[in-house]
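Inspection log for the structure reproduced underneath, given as C-alpha coordinates.
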(Lines give C-alpha, C1' and ligand atoms only; values in the text may rest on other atoms or scores of the structure.)
Protein backbone atom coordinates (compact mmCIF):
# COMPACT_ATOMS: atom_id res chain seq x y z
CA UNK A 1 0.00 0.00 0.00
CA UNK A 2 2.86 2.39 0.80
CA UNK A 3 5.98 2.83 -1.33
CA UNK A 4 9.32 4.52 -0.77
CA UNK A 5 8.97 8.30 -0.93
CA UNK A 6 5.21 8.43 -0.44
CA UNK A 7 3.48 11.31 1.29
CA UNK A 8 0.46 9.73 2.97
CA UNK A 9 -2.46 11.99 3.80
CA UNK A 10 -4.13 10.38 6.82
CA UNK A 11 -7.79 11.38 7.12
CA UNK A 12 -8.73 11.91 10.76
CA UNK A 13 -12.35 12.28 11.81
CA UNK A 14 -11.78 12.01 15.55
CA UNK A 15 -13.27 8.53 15.79
CA UNK A 16 -11.60 5.37 17.07
CA UNK A 17 -10.80 4.07 13.59
CA UNK A 18 -8.94 7.12 12.32
CA UNK A 19 -7.01 7.54 15.58
CA UNK A 20 -5.94 3.90 15.35
CA UNK A 21 -5.01 4.35 11.70
CA UNK A 22 -2.72 7.29 12.46
CA UNK A 23 -1.15 5.49 15.41
CA UNK A 24 -0.45 2.38 13.31
CA UNK A 25 1.08 4.40 10.47
CA UNK A 26 3.30 6.34 12.86
CA UNK A 27 4.53 3.04 14.28
CA UNK A 28 5.03 1.64 10.78
CA UNK A 29 6.94 4.76 9.75
CA UNK A 30 9.57 4.03 12.42
CA UNK A 31 10.02 0.39 11.40
CA UNK A 32 9.20 0.04 7.71
CA UNK A 33 11.93 -0.79 5.17
CA UNK A 34 10.70 2.15 3.06
CA UNK A 35 10.76 5.85 3.93
CA UNK A 36 7.52 7.81 3.79
CA UNK A 37 6.01 10.94 5.29
CA UNK A 38 2.65 11.51 6.95
CA UNK A 39 0.31 14.46 7.21
CA UNK A 40 -2.86 14.23 9.29
CA UNK A 41 -5.88 16.01 7.80
CA UNK A 42 -9.15 16.73 9.56
CA UNK A 43 -12.15 18.07 7.71
CA UNK A 44 -14.05 20.37 10.07
CA UNK A 45 -17.56 20.12 8.60
CA UNK A 46 -18.97 22.69 11.04
CA UNK A 47 -21.17 20.28 12.90
CA UNK A 48 -22.81 22.01 15.88
CA UNK A 49 -20.94 21.28 19.07
CA UNK A 50 -17.84 19.82 17.39
CA UNK A 51 -14.89 20.36 19.79
CA UNK A 52 -12.45 22.02 17.38
CA UNK A 53 -9.64 22.20 19.92
CA UNK A 54 -9.29 18.45 20.49
CA UNK A 55 -7.54 17.32 17.31
CA UNK A 56 -5.01 20.18 16.96
CA UNK A 57 -3.99 19.67 20.58
CA UNK A 58 -3.56 15.92 19.99
CA UNK A 59 -1.56 16.38 16.78
CA UNK A 60 0.75 18.88 18.46
CA UNK A 61 1.22 16.64 21.48
CA UNK A 62 2.35 13.67 19.35
CA UNK A 63 4.37 15.88 17.00
CA UNK A 64 2.68 15.02 13.71
CA UNK A 65 2.31 17.41 10.79
CA UNK A 66 -1.34 18.30 10.32
CA UNK A 67 -3.86 20.45 8.53
CA UNK A 68 -7.39 21.39 9.58
CA UNK A 69 -9.69 22.04 6.62
CA UNK A 70 -12.83 24.08 7.35
CA UNK A 71 -15.77 23.47 5.01
CA UNK A 72 -19.40 23.92 6.06
CA UNK A 73 -20.75 20.73 4.50
CA UNK A 74 -23.12 20.34 7.44
CA UNK A 75 -25.24 23.30 6.30
CA UNK A 76 -25.22 22.02 2.72
CA UNK A 77 -26.43 18.57 3.76
CA UNK A 78 -29.14 19.97 6.03
CA UNK A 79 -30.35 22.37 3.31
CA UNK A 80 -30.43 19.88 0.43
CA UNK A 81 -31.94 16.81 2.08
CA UNK A 82 -35.55 16.39 3.12
CA UNK A 83 -36.34 15.62 6.78
CA UNK A 84 -35.88 11.90 7.45
CA UNK A 85 -33.44 11.31 4.59
CA UNK A 86 -30.11 9.78 5.56
CA UNK A 87 -27.14 12.08 5.21
CA UNK A 88 -24.36 9.59 4.55
CA UNK A 89 -24.44 9.52 0.74
CA UNK A 90 -24.32 13.27 0.16
CA UNK A 91 -21.97 13.90 3.07
CA UNK A 92 -19.58 11.25 1.75
CA UNK A 93 -19.53 12.71 -1.76
CA UNK A 94 -18.88 16.23 -0.49
CA UNK A 95 -16.17 15.02 1.87
CA UNK A 96 -14.46 12.93 -0.82
CA UNK A 97 -14.27 15.86 -3.24
CA UNK A 98 -12.76 18.12 -0.60
CA UNK A 99 -10.20 15.53 0.50
CA UNK A 100 -9.12 14.88 -3.09
CA UNK A 101 -8.60 18.61 -3.54
CA UNK A 102 -6.56 18.86 -0.35
CA UNK A 103 -4.45 15.86 -1.39
CA UNK A 104 -3.57 17.73 -4.58
CA UNK A 105 -2.67 20.86 -2.61
CA UNK A 106 -0.41 18.88 -0.27
CA UNK A 107 1.15 16.79 -3.02
CA UNK A 108 0.03 13.62 -1.25
CA UNK A 109 0.65 10.41 -3.19
CA UNK A 110 -1.67 8.27 -1.04
CA UNK A 111 -4.88 9.01 0.88
CA UNK A 112 -5.33 6.76 3.93
CA UNK A 113 -8.82 6.07 5.28
CA UNK A 114 -9.75 4.27 8.49
CA UNK A 115 -12.26 1.73 7.15
CA UNK A 116 -11.89 -1.70 8.75
CA UNK A 117 -12.99 -5.23 7.82
CA UNK A 118 -16.47 -4.85 9.29
CA UNK A 119 -17.04 -1.59 7.37
CA UNK A 120 -16.16 -3.41 4.16
CA UNK A 121 -18.55 -6.31 4.82
CA UNK A 122 -21.33 -3.89 5.84
CA UNK A 123 -20.80 -2.01 2.57
CA UNK A 124 -21.05 -5.26 0.62
CA UNK A 125 -24.51 -5.94 2.04
CA UNK A 126 -25.62 -2.31 1.73
CA UNK A 127 -24.84 -2.45 -1.99
CA UNK A 128 -26.51 -5.84 -2.38
CA UNK A 129 -29.69 -5.07 -0.45
CA UNK A 130 -30.26 -1.46 -1.49
CA UNK A 131 -28.26 -0.98 -4.68
CA UNK A 132 -28.49 -4.38 -6.41
CA UNK A 133 -24.70 -4.37 -6.85
CA UNK A 134 -21.99 -6.80 -5.79
CA UNK A 135 -19.55 -4.18 -4.55
CA UNK A 136 -17.64 -3.37 -1.38
CA UNK A 137 -14.55 -1.23 -0.55
CA UNK A 138 -11.11 -2.48 -1.65
CA UNK A 139 -7.99 -2.12 0.52
CA UNK A 140 -6.42 -0.08 -2.30
CA UNK A 141 -8.33 1.97 -4.85
CA UNK A 142 -7.55 4.27 -7.75
CA UNK A 143 -9.99 7.16 -8.03
CA UNK A 144 -12.26 7.36 -11.07
CA UNK A 145 -10.20 10.20 -12.57
CA UNK A 146 -7.00 8.19 -12.05
CA UNK A 147 -5.33 10.96 -10.06
CA UNK A 148 -5.49 9.56 -6.53
CA UNK A 149 -4.69 6.30 -4.74
CA UNK A 150 -6.81 5.57 -1.67
CA UNK A 151 -5.55 3.01 0.84
CA UNK A 152 -7.30 1.34 3.77
CA UNK A 153 -4.52 -0.07 5.99
CA UNK A 154 -7.06 -1.34 8.57
CA UNK A 155 -8.99 -3.35 5.97
CA UNK A 156 -7.97 -6.67 7.50
CA UNK A 157 -8.69 -5.63 11.12
CA UNK A 158 -11.90 -6.51 12.94
CA UNK A 159 -13.74 -3.61 14.55
CA UNK A 160 -13.62 -5.37 17.93
CA UNK A 161 -9.81 -5.32 17.78
CA UNK A 162 -9.81 -1.60 17.03
CA UNK A 163 -12.21 -0.93 19.91
CA UNK A 164 -9.85 -2.68 22.35
CA UNK A 165 -6.80 -0.93 20.93
CA UNK A 166 -8.37 2.54 21.02
CA UNK A 167 -9.50 1.99 24.61
CA UNK A 168 -6.03 0.91 25.64
CA UNK A 169 -4.41 3.90 23.94
CA UNK A 170 -6.96 6.31 25.47
CA UNK A 171 -7.48 8.35 22.32
CA UNK A 172 -9.51 11.59 22.74
CA UNK A 173 -12.40 10.20 20.67
CA UNK A 174 -14.97 12.66 19.31
CA UNK A 175 -18.46 11.20 18.69
CA UNK A 176 -20.12 11.87 15.33
CA UNK A 177 -23.36 13.79 15.82
CA UNK A 178 -24.27 13.96 12.14
CA UNK A 179 -24.63 10.63 10.34
CA UNK A 180 -23.95 8.31 13.26
CA UNK A 181 -26.93 9.61 15.20
CA UNK A 182 -29.60 8.96 12.57
CA UNK A 183 -32.19 6.43 13.61
CA UNK A 184 -32.98 5.29 10.04
CA UNK A 185 -29.39 4.68 9.03
CA UNK A 186 -29.16 1.58 6.83
CA UNK A 187 -25.57 0.91 7.86
CA UNK A 188 -26.78 0.52 11.42
CA UNK A 189 -29.16 -2.20 10.20
CA UNK A 190 -26.27 -4.01 8.49
CA UNK A 191 -24.14 -3.79 11.61
CA UNK A 192 -26.93 -5.24 13.74
CA UNK A 193 -27.45 -8.05 11.21
CA UNK A 194 -23.76 -8.96 11.17
CA UNK A 195 -23.51 -8.77 14.97
CA UNK A 196 -26.44 -11.17 15.21
CA UNK A 197 -24.85 -13.56 12.71
CA UNK A 198 -21.53 -13.40 14.53
CA UNK A 199 -23.21 -14.24 17.84
CA UNK A 200 -24.89 -17.28 16.24
CA UNK A 201 -21.86 -18.38 14.23
CA UNK A 202 -18.52 -16.89 15.36
CA UNK A 203 -16.20 -16.26 12.45
CA UNK A 204 -18.92 -15.69 9.85
CA UNK A 205 -17.91 -12.06 9.21
CA UNK A 206 -14.33 -13.10 8.57
CA UNK A 207 -15.46 -15.80 6.15
CA UNK A 208 -17.59 -13.29 4.25
CA UNK A 209 -14.57 -11.00 4.02
CA UNK A 210 -12.41 -13.85 2.78
CA UNK A 211 -15.05 -14.56 0.11
CA UNK A 212 -14.33 -11.09 -1.30
CA UNK A 213 -10.77 -12.30 -1.89
CA UNK A 214 -11.89 -15.52 -3.55
CA UNK A 215 -14.17 -14.47 -6.41
CA UNK A 216 -15.06 -16.72 -9.35
CA UNK A 217 -16.62 -14.53 -12.09
CA UNK A 218 -17.67 -17.55 -14.16
CA UNK A 219 -20.00 -18.59 -11.35
CA UNK A 220 -21.77 -15.25 -11.07
CA UNK A 221 -23.95 -13.64 -13.73
CA UNK A 222 -22.25 -10.49 -15.00
CA UNK A 223 -21.74 -10.76 -18.75
CA UNK A 224 -19.60 -7.62 -18.74
CA UNK A 225 -16.80 -9.39 -16.84
CA UNK A 226 -17.28 -12.94 -18.12
CA UNK A 227 -18.25 -13.99 -21.65
CA UNK A 228 -21.17 -16.31 -20.95
CA UNK A 229 -22.58 -15.77 -24.45
CA UNK A 230 -19.36 -16.94 -26.06
CA UNK A 231 -19.08 -20.16 -24.08
CA UNK A 232 -18.85 -23.41 -26.05
CA UNK A 233 -17.90 -27.02 -25.46
CA UNK A 234 -14.12 -27.50 -25.34
CA UNK A 235 -12.82 -28.98 -28.59
CA UNK A 236 -10.50 -31.49 -27.02
CA UNK A 237 -8.76 -32.46 -23.82
CA UNK A 238 -5.79 -30.24 -24.65
CA UNK A 239 -8.00 -27.16 -24.30
CA UNK A 240 -9.36 -28.55 -21.05
CA UNK A 241 -5.84 -29.04 -19.72
CA UNK A 242 -4.83 -25.51 -20.78
CA UNK A 243 -7.75 -23.96 -18.93
CA UNK A 244 -7.22 -25.96 -15.72
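The values are calculated or read from the model by the stated rules, or taken from the named source; none is laboratory data. Owing to the predicted nature of the structure, the values given are computational and were not obtained by experimental measurement. All Cβ positions, even for glycine, are placed from backbone atoms using ideal geometry, and neighbour counts span all protein chains on display.
Numbers for the structure displayed
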{"read-out": "Residue satisfying condition, being part of a loop (DSSP other than H, G, I, E, B), within 30 Å of residue 16 (Cβ to Cβ), modelled with pLDDT of 95 or more and in contact with a helix residue (DSSP H, G or I) (Cβ under 8 Å, 6 or more places away or on another chain), within set 153, 202", "value": "153"}
{"read-out": "Single condition residue 123 does not satisfy, out of (1) assigned to a loop (DSSP other than H, G, I, E, B); (2) surrounded by fewer than 21 Cβ atoms within 10 Å (Cβ to Cβ)", "value": "(1)"}
{"read-out": "Of residues in segment 7-27 being surrounded by fewer than 18 Cβ atoms within 10 Å (Cβ to Cβ) and either in contact (Cβ under 8 Å) with a residue 60 or more places away in the chain or touching a strand residue (DSSP E or B) at 6+ places or on another chain (Cβ under 8 Å) (or both), the one farthest from residue 169 (Cα to Cα)", "value": "7"}
{"read-out": "Residues (more than 20 Å from residue 125 (Cβ to Cβ) and assigned to a loop (DSSP other than H, G, I, E, B)) located in segment 208-226", "value": "223, 224, 225, 226"}
{"read-out": "Any hit, segment 31-38, residues being surrounded by 15 or more Cβ atoms within 10 Å (Cβ to Cβ) and assigned to a loop (DSSP other than H, G, I, E, B)", "value": "yes"}
